[in-house]
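Each remark here refers to the structure printed beneath this line.
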């Protein structure tokens, strides 16, 4: 789960990270009032769940309440397109307005998980304010890393080691080491998958402040993080993904033409691969899991056919915990309620597969039933291309 910059900053403040003075607004009038209170030059920052806001025109520097009101009126309610949003963009519902600071130096700090060591890692770089992936590709020696022991946890000497390696003076190293430890604590205690400050700025008057912050969270841990769960902004998410999550289903929107209903992550990945091998790209995949009811399956099917990019549907189920007859009843129920104009291919194997095929055949639906995985993929690709 992603949250906005201002929300990440509110969390990090609780862990001792200093921030520029700022306010969050949702109207142009509020923007004017905020700038009157802050005074001087300020920065207006669009709050969306994507990076690259500056490249998309989502960050404005203004010097007066009039300029702030005008800029806010242009940004609020618009769709911001950045290199990370895709061509559809993200809606701007709020702006973070912060004091503009004189910056002498920018540093990168981040905490995440290292899949190689299977442990948390803190990353630091003396070059901040740019994409860390670019720095890593251009000069990997600049990337500093400290791995936290999953059992012992983060130790303060590791933070000091990173701070001094960044080449700052003793006073700044003390402040930065405390910020690093605070960043890690925020990451670990809130079940984040990523906590990032980019850039951490050293200002002309010696302050060390987080100019930008980002935090992502493990969806599977939200049950024990009610405060984090409340920060979710569904206006920034794909509507069909929101609808699926509310029904207890896993749905991911992609950019192809074949909609996929599967059960289990392994089968989902294999199905996507098979469709690609057959010559088309998946439009999405929806995992109904192992214990979905007929009602959930019906809901899943309605979500699948609601994807405007889909030109055909592949239902690929291996019956284990999920019985094939339950799946069949669910999709037949949905097909009777929804005007399904897309061609559908069904491949059922496993528990009660024969009963599932019987239910489908007696439903009077003009769907193709495949006898194998490969046959199902080839058939749905053929139908997606408009061939009978």
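Within the stretch 46-63, restricting attention to residues that are closer than 16 Å to residue 35 by Cα and surrounded by 15 or more Cβ atoms within 10 Å (Cβ to Cβ), which residue is farthest from the chain's Cα centre (by Cα)?
It comes out as 62.
Look at the stretch 343-368: where a residue is in contact (Cβ under 8 Å) with a residue 40 or more places away in the chain and a partner is exposed (fewer than 15 other Cβ atoms within 10 Å of the Cβ), sitting 6+ places away or on another chain with Cβ atoms under 9 Å, you get 343/366; 343/388.
Return yes or no: is residue 51 touching a residue at least 60 places away in the same chain (Cβ under 8 Å) and not in a strand (DSSP E or B)? So residue 51 fits the description; yes. The set of residues in the stretch 1-33 being under 27 Å from residue 63 (Cβ atoms) and assigned to a loop (DSSP other than H, G, I, E, B) consists of 4, 18, 19, 20, 21, 26, 27.
Conditions (1) within 26 Å of residue 173 (Cβ to Cβ); (2) free of Cβ contacts under 8 Å to residues at least 40 places away in the same chain, marked per residue:
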| residue | (1), (2) |
| --- | --- |
| 76 | no, no |
| 80 | no, yes |
| 85 | no, yes |
| 88 | no, yes |
| 109 | yes, no |
| 124 | yes, no |
| 140 | yes, yes |
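Applying a threshold of 6 Å to beta carbon distances and a minimum spacing of six or more residues, or different chains, the list of pairs starting in the stretch 144-163 at a residue that is in contact (Cβ under 8 Å) with a residue 24 or more places away in the chain and assigned by TED's automatic domain parsing to the domain that holds residue 184 and ending at one that is loosely packed, with under 15 Cβ neighbours inside 10 Å and not in a loop (DSSP other than H, G, I, E, B) reads 147/119; 150/119. Scanning the stretch 269-289 turns up no residue that is in a helix (DSSP H, G or I), over 24 Å from residue 86 (Cβ atoms) and in contact with a strand residue (DSSP E or B) (Cβ under 7 Å, 6 or more places away or on another chain).
Among the residues of the stretch 289-301, is any on the phi > 0 side of the Ramachandran plot and either surrounded by 19 or more Cβ atoms within 10 Å (Cβ to Cβ) or assigned by TED's automatic domain parsing to the domain that holds residue 253 (or both)? Before the answer, list the steps.
Step one: filter the stretch 289-301 for residues on the phi > 0 side of the Ramachandran plot, giving 289.
Next cut, either surrounded by 19 or more Cβ atoms within 10 Å (Cβ to Cβ) or assigned by TED's automatic domain parsing to the domain that holds residue 253 (or both) only: 289.
Checking the stretch 289-301: at least one residue is on the phi > 0 side of the Ramachandran plot and either surrounded by 19 or more Cβ atoms within 10 Å (Cβ to Cβ) or assigned by TED's automatic domain parsing to the domain that holds residue 253 (or both).
When we screen 286, 304 for residues that are at pLDDT below 85, crowded, with 17+ Cβ neighbours inside 10 Å and within 26 Å of residue 384 (Cα to Cα), the only hit is 304. The number of residues in the stretch 137-153 that are at pLDDT 95 or above and part of a loop (DSSP other than H, G, I, E, B) comes to 1. Within the stretch 250-266, the residues that satisfy the criterion of being at pLDDT below 90, under 19 Å from residue 322 (Cβ atoms) and touching a helix residue (DSSP H, G or I) at 6+ places or on another chain (Cβ under 9 Å) are 250, 251, 252, 261, 262, 263. Restricting attention to the stretch 334-354 and to residues that are in a helix (DSSP H, G or I) and surrounded by fewer than 17 Cβ atoms within 10 Å (Cβ to Cβ), the residue that is nearest to the chain's Cα centre (by Cα) turns out to be 337. Restricted to the stretch 72-88, and to residues there that are part of a loop (DSSP other than H, G, I, E, B) and over 20 Å from the mean Cα position of the chain (by Cα), the residue that is surrounded by the fewest Cβ atoms within 10 Å (Cβ to Cβ) is 77.
The values are calculated or read from the model by the stated rules, or taken from the named source; none is laboratory data. Just so we're clear, the structure is a prediction, and the values are computed from it rather than from any experiment. With ideal geometry, Cβ positions are generated from the backbone for all residues, glycine too; neighbour counts draw on all protein chains shown.
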